[in-house]
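S.K.: Dropping the structure in here first, questions after.
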Amino acid sequence: MTIADQVLNQAELLTGELDDTGRERLRLLCTAAVRALTAQLRDGLSPEDIREDFVAAASLYALSRWGRGEEIQEFRAGDLTVKKGQTANLEAEALSLLGPYLKSGFTFVGV
């Protein structure tokens, strides 16, 4: 199973029952989340290297774009817990979960 498949499966668990259109929309959001977060990983690090954290973060990141996140009752990934009403923080929680693995926002070019 690919990382993208795992992210989609986890996101589906959080959203509940979806029709075909909803599932396709969620699949697109999960694919975009995987690409966006992969691009932010430190050089030499892949999603497979941090699979569990990456899947949890990417599913939260996708749901931050979903708009139905208010239906989430509770989700736990290690020390992270997301409960109903916390949709505004899903992206921040996702990035926080991957924080140790992300590139620095500052790049020193030279003097």
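S.K.: Please report the accessible area of ASP43 (heavy atoms, 1.4 Å probe, ligands and nucleic acids excluded) in Å², nearest 10.
M.R.: Roll a 1.4 Å probe over it and ASP43 shows about 140 Å².
S.K.: Under a 1.4 angstrom probe, counting protein chains only, how are GLU48, GLU12, GLU93, GLU17 ranked by accessible area, largest first?
M.R.: I get GLU17, GLU48, GLU93, GLU12, largest accessible area first.
S.K.: Give me a comma-separated list of calculated 3J(HN,Hα) values for region 6-16, in order, Karplus coefficients 6.51, -1.76, 1.60 applied at θ = phi - 60°, integers in Hz, x for any Gly or Pro.
M.R.: Each residue's phi maps through the Karplus curve to give 5, 4, 4, 4, 5, 5, 5, 4, 7, 8, x Hz.
S.K.: Any idea what log10 I(q)/I(0) is at q = 0.16, 0.20, 0.25, 0.27 Å⁻¹ for region 1-49, Debye with uniform C-alpha scatterers and no solvent?
M.R.: -0.48, -0.68, -0.92, -1.01
S.K.: What nm distance separates the two modelled labels at ALA92 and ASP19, each placed 7 Å from Cα along Cα→Cβ?
M.R.: Label-label distance for ALA92 and ASP19, simple model: 3.4 nm.
S.K.: In addition: Along the charge dipole of region 9-56, which of THR38, LEU26, LEU14 sits closest to the positive end, that is, farthest toward it, with unit charges on the beta carbon of Lys, Arg, Asp and Glu (+1, +1, -1, -1)?
M.R.: Going by the Cα projections, it comes out as THR38.
S.K.: Which far-off residues, 5 or more places away or on another chain, put their amide H under 5 Å from the one on LEU102, with H placed in the peptide plane?
M.R.: Result for LEU102 returns ARG42.
The values are calculated or read from the model by the stated rules, or taken from the named source; none is laboratory data. Owing to the predicted nature of the structure, the values given are computational and were not obtained by experimental measurement. With ideal geometry, Cβ positions are generated from the backbone for all residues, glycine too; neighbour counts draw on all protein chains shown. Heads up: the accessible areas ignore ligands, DNA and RNA and are worked out on the full protein's heavy atoms, side chains in. Shrake-Rupley method; radii C 1.70, N 1.55, O 1.52, S 1.80 Å.
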